[in-house]
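Participant: First the structure, then my questions, so here it is.
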Amino acid sequence: MNNESRKIKINKLVNNILESYKNESCILPHETCPMPNRDIIIEIATTLRMVLFPGYFDKHTCNKEIMEYHTGELIINIHQKLTEQIIFALSLEAVRSNGTSEEICRKDTVIDDSVDLSFKFLSMIPKIREYLSTDVQAALEGDPAASSIDEIIFSYPGIFAITMHRIAHELYLLNIPLIPRVLSEYSHSITGIDINAGAEIGKYFFIDHGTGVVIGETTIIGDRVKIYQGVTLGALSTRGGQGLRGVKRHPNIENGVTIYSGASVFGGKTVIGEGVTIGSNAFITESVPSGTKVSIKNPELIFKNGKPRELDQNYSDV
Amino acid sequence: MNNESRKIKINKLVNNILESYKNESCILPHETCPMPNRDIIIEIATTLRMVLFPGYFDKHTCNKEIMEYHTGELIINIHQKLTEQIIFALSLEAVRSNGTSEEICRKDTVIDDSVDLSFKFLSMIPKIREYLSTDVQAALEGDPAASSIDEIIFSYPGIFAITMHRIAHELYLLNIPLIPRVLSEYSHSITGIDINAGAEIGKYFFIDHGTGVVIGETTIIGDRVKIYQGVTLGALSTRGGQGLRGVKRHPNIENGVTIYSGASVFGGKTVIGEGVTIGSNAFITESVPSGTKVSIKNPELIFKNGKPRELDQNYSDV
Amino acid sequence: MNNESRKIKINKLVNNILESYKNESCILPHETCPMPNRDIIIEIATTLRMVLFPGYFDKHTCNKEIMEYHTGELIINIHQKLTEQIIFALSLEAVRSNGTSEEICRKDTVIDDSVDLSFKFLSMIPKIREYLSTDVQAALEGDPAASSIDEIIFSYPGIFAITMHRIAHELYLLNIPLIPRVLSEYSHSITGIDINAGAEIGKYFFIDHGTGVVIGETTIIGDRVKIYQGVTLGALSTRGGQGLRGVKRHPNIENGVTIYSGASVFGGKTVIGEGVTIGSNAFITESVPSGTKVSIKNPELIFKNGKPRELDQNYSDV
């Protein structure tokens, strides 16, 4: 293929794609303001983690002399970027609901609201740190494989997930659109733990292993709750789709509950009482009174003396 | 340890490693052509996502004036890189199967074929966009926690997974080796959703939460199908290993089917009929007629009044 | 808001955060030495993967002439960075357990130990390669969807996970703190496969799909074992928390065992004998003799002729 025919082919391709931009209008951006940027939102969360766990995720050693300047620098950086992303998110929401094409993102009210929301969020950092500190202690207390607080902060997916959730939840409470969900799904992608930003979660929360955990938007969780991999706190049915928005669809889990791997608890009226233990793979759709241990009769095992898989097979010629 | 003895140790280490390169020949590259590059393949997919969802994943604002130039630039970039990776993938396959050491990757036929395959793939972009547009609508329709189309495109793992799958599947249909699987496993790594590039998937496809979903190579899925976390569409047995290559091993799922969390459907002769609903944790190895709701009797719960976990324990001295 | 009032607000924020650093002392770094750095530990593992699979993850073509220089360069790079991270990890551990504030990380003994540990680890590379070579062969043998050894090395999450595990396990055996767990959790984050660095795993190990797999710290696995997504090799109870540290809590899996998706095996005294096959979703807390096939009676299915989900609903106005 010579250069000329290649160029013609490319032109044709591009025109077909531009044509398709007219047809699938549902997946087009609005054009009047910049769109929020997923990478920058994640960058903000990463910088926030440095502030929440000083010295753990920085490139250089933290000591008291530089801590003040360093923290100040990080906060100014977060405040600027977060304000900007809130402006874009609010503008996007306004354009989508009004259908107007005026330059919403340059309006003073949107900018002032965004500066204000950004400050309100940042003032929650000490509270978030207070909660995270209890989560780290719960992980050390609950996991025999944990050898230090440092190991937990550096590497535990449950700590990463609850860190991102506590950030996302504060943004959610401020009714900031889009950004909380981007953070939740970023955390889901890193940890396999899917916590909707709307969920309310108490102190000393520990998720062990975590892959496959799902915690729905209207879930309320008390203090000292411990959850294992594959646990779902879900809705009985989402057949109602958008008609169910805002309805309480997910359970309440009271203080001191432990839920083992693969168990599911469904329904907005379901309350798991204080101190309950729920065994692996239990499937629960009704409330459980305080102090109960719930388990299932595990499915009966069937044993056969099958011929074992060949062990002397020759792999060497593969 | 002084520098001299350190140098001697390093030399010995390196020699032992080079020696081991002679022994484990199965994990050695071929030397005649460059190998495909995983990072560049992922870069191509990331750029493709910008074309498929214009304005959402770009750094700058999209408006009609620059859209044509911008799209053209992205397409030229994708075409060049994709052609090159196809050359390397075809060459690698040829060397592996022929065992020849001639410079296959510089042959005109390989290069011409690759340019052609790259163009064929790119011509599918409008079709991919058409399908993705229906997937986004299905997510909005099906999830009460979704608050806008923008949120879905920016953050939903189900949309990321189906985007990567629709790209990978077109490359798979063109018999391009290696690249489709690299993309599928990249998407698996980001989302926890494992869709083999061979699977055929209709319009309005929605995966909610998604972690742990497995969809096998020979699965065929109709339109308006909805799947939750932990669902497996799998093969009854893979004991046959390579002897089963190309055999239909995975089920057909017809239009309008919903499959709830943790359910499994196995077998190449299994057909789940139109409009079927499959309940959580059902384990299905035979066909289900249209319009049926299948559920399992959930395992009976055993309740004991156990002593609840101590709630007043002192964490503060940890 | 003008600049002055913004500056005052920022100052107040920063002071509140610095104040909170005094309260949640459990999440503060030590100040005397640099902390280990998660990003650099992951960089070391990524470079190690280039050495273990020469030519697959490099940017340029590998051929015999440059292989020696290239490998030497990579090893020197790994040795330097790994030694430094071991110094920081040992120092952190020492400070945490002694509570002393002397400059442990500059002590000659810590430095000498770290250089030595780094060399000891690097000398295991040929052995790791020998094991990984069998893992790649097991993947090709066991998966009908695998089309080449190259595809497996480039893209299989099971291979990524076992590569990181074999690295982490050697570091664990050398009693290096923190670094093994950081690597395990990095691998968990990429693959959804959670293998504690303490687990002992034989040759020809294959994990298919893998999302949700959990393998506990004191698990011992023989040769030619095959495991599917969602399998847990876990502890019966971790209620004992830190009191259980070092106790054998997880099962032994002997040669030639296959464990299908979603099955769980619990307990430190549980032994799954040679050649056993364990069916999907089985829940096992006692030993199984060699050669047995264990399965469960799948939960009975309940069929209802429900009204199928509306298929003609109009999505177009969404």
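Participant: With the cut-off at 1.5 for a/c, could you classify region B:159-211 from its C-alpha gyration tensor as rounded, prolate or oblate? Working shown, then result.
Facilitator: Values: a/c = 2.60, a/b = 1.37, b/c = 1.90.
Here region B:159-211 falls in the oblate category.
Participant: Let me ask another. Excluding same-chain residues fewer than 8 positions from B:LYS248, which lysines have a Cα within less than 19 Å of its Cα?
Facilitator: Of all the lysines, those that pass the test against B:LYS248 - Cα under 19 Å, at least 8 places apart if same chain - are B:LYS269.
Participant: OK, next. Using just the C-alpha positions of region B:140-261 as equal point scatterers, what log10 of I(q)/I(0) does the Debye formula give at each q in 0.10, 0.11 1/Å?
Facilitator: Relative scattering, expressed as log10 I(q)/I(0), comes to -0.30, -0.36.
Participant: Moving to a separate point now. Between copies, how far does the label point of A:LEU173 sit from its twins, in nm, shortest first, when each point is 7 Å from Cα along Cα→Cβ?
Facilitator: Going from nearest to farthest copy, the values are 5.0, 5.0 nm.
Participant: Ignoring solvent entirely, what values of log10 I(q)/I(0) come out of the Debye formula for region B:40-153 at 0.14, 0.21 Å⁻¹ when each Cα is a single scatterer?
Facilitator: -0.72, -1.14
Participant: Okay, next question. If I take R0 = 35 Å and measure r between the Cβ atoms of C:LYS120 and C:ASN98 in this structure, what FRET efficiency does the formula 1/(1 + (r/R0)^6) give, to the nearest 0.05?
Facilitator: Calculated transfer efficiency: 0.90.
Participant: For a protection proxy built on the mean count of beta-carbon atoms within 10 angstrom, sort C:201-207, A:257-263 highest first, please. Please report the intermediate quantities before stating the final value.
Facilitator: Working: C:201-207: 22.9, A:257-263: 24.9.
In descending order of packing, they fall as A:257-263, C:201-207.
Participant: Kindly provide the helix-only [θ] at 222 nm of chain B, computed as the sum of -39,500 (n - 2.57) over DSSP H runs of four or more divided by all residues, to the nearest 500 deg cm²/dmol?
Facilitator: Calculated mean residue ellipticity at 222 nm is -15000 deg cm²/dmol.
Participant: I would also like to ask the following. Would you work out which of B:VAL247, B:ILE75, C:ASN23 lies farthest towards the positive end of the dipole of the protein assembly as shown, given +1 charges on the beta-carbon of Lys and Arg and -1 on that of Asp and Glu, about the Cα centre?
Facilitator: Positive-most Cα among the choices belongs to B:VAL247.
Participant: Once amide H atoms are placed 1.01 Å from N in the peptide plane, what residues at a sequence separation of 5 or more from A:ALA282, or on another chain, have their amide H within under 5 Å of its amide H?
Facilitator: HN-HN under 5 Å from A:ALA282: A:ALA263, A:SER264.
Participant: I would also like to ask the following. Hey, rough spin-label estimate for C:GLU286 and C:LYS107, points 7 angstrom out along Cα→Cβ, what's it come to in nanometres?
Facilitator: 5.1 nm
Participant: Looking only at other chains, what is the average number of their beta-carbon atoms within 10 angstrom of each beta-carbon in C:133-145?
Facilitator: Other-chain Cβ atoms within 10 Å of each residue's Cβ, averaged: 6.
Participant: Under the Karplus relation 6.51 cos²θ - 1.76 cosθ + 1.60, θ = phi - 60°, what is the ordered set of whole-Hz ³J(HN,Hα) values for region C:230-235, x standing for Gly and Pro?
Facilitator: So the Karplus estimates, Gly and Pro as x, are x, 7, 10, 10, x, 9 Hz.
Participant: If we count other beta carbons within 10 Å of each Cβ, what is the order of A:ASP112, C:ASP208, fewest first?
Facilitator: Numbers: A:ASP112 11, C:ASP208 23.
Ranked by crowding around the Cβ, least crowded first: A:ASP112, C:ASP208.
Participant: Taking the alpha-carbon distance from A:LYS9 and a cut-off under 25 Å, which lysines remain once sequence neighbours fewer than 8 residues away in the same chain are dropped?
Facilitator: Cα-Cα hits under 25 Å: A:LYS22, B:LYS64, B:LYS81, B:LYS107, B:LYS120, B:LYS127.
Participant: Taking every eigenvalue of the Cα gyration tensor of region C:226-284, multiplying by 5 and rooting it, what semi-axes result, largest first, whole Å?
Facilitator: Value: 22, 13, 8 Å, ordered largest first.
Participant: For the pair A:LYS269 and A:GLU43, what calculated FRET efficiency results from E = 1/(1 + (r/R0)^6), where r is the Cβ-Cβ distance and R0 = 35 Å, to the nearest 0.05?
Facilitator: In this case the efficiency is close to 0.30.
Participant: Further question: Let me have the relative contact order for chain B, percent, based on Cα pairs under 8 Å that are six or more residues apart.
Facilitator: The normalised contact order for chain B reaches 9 percent.
Participant: Continuing with this model, one more query. Can you list residues from other chains, or at least 5 along the same chain, whose modelled amide H is less than 5 Å from the amide H of A:ILE215?
Facilitator: Those lying under 5 Å, H to H, from A:ILE215 are A:ASP194, A:ILE195, A:ASN196, A:LEU233.
Participant: Long-range amide H contacts for A:ILE201: which residues qualify at under 5 Å (H placed 1.01 Å from N, peptide plane, sequence gap of 5 or more or a different chain)?
Facilitator: Answer set, sorted by chain and number: A:ILE221.
Participant: Tell me the distances, shortest first, between A:ARG106 and the same position across the other copies, using label points 7 Å along Cα→Cβ, in nm to one decimal.
Facilitator: 5.7, 5.7
Participant: Further, regarding this structure: When the dipole is taken about the Cα centre of chain A, and only Lys, Arg (+1) and Asp, Glu (-1) are charged at their Cβ, what size is it in debye, to the nearest 20?
Facilitator: About 960 debye.
Participant: Another question, if that's okay. What nm distances, shortest first, do you get from the label point of C:LYS7 to those in the other copies when the point sits 7 angstrom along Cα to Cβ?
Facilitator: 5.7, 5.7
Participant: What translational D, rounded to a whole number of µm²/s, comes out for the protein assembly as shown from Stokes-Einstein when the hydrodynamic radius is the Kirkwood one over Cα pairs, at 4 °C and 1.567 mPa s?
Facilitator: Roughly 44 µm²/s, to the nearest whole number.
Participant: Moving on to the next point. Can you give the average number of partner chain beta-carbon atoms within 10 Å of each beta-carbon in peptide C:248-260, as a whole number?
Facilitator: Mean number of neighbouring Cβ atoms from other chains: 2.
Participant: Now for a separate question. Provide, as a two-decimal number, the C-alpha radius of gyration of chain B over 2.2 N^0.38 Å, N being how many residues it has.
Facilitator: Taking N as the residue count of chain B, the ratio is 1.26.
Participant: Right, another one. Just counting partner chain Cβ atoms within 10 Å, what average do the residues of peptide B:45-53 show around their Cβ? Don't skip to the end; give the middle numbers.
Facilitator: Values: counts 0, 0, 0, 0, 0, 0, 4, 4, 4.
Mean inter-chain Cβ contacts per residue within 10 Å come to 1.
A short reminder: the numbers here are calculations on the coordinates, not readings from a lab. Treat the numbers as computed from the prediction; the structure is a model and nothing was measured. Cβ atoms come from the backbone with ideal geometry, glycine included; neighbour counts cover every protein chain shown.
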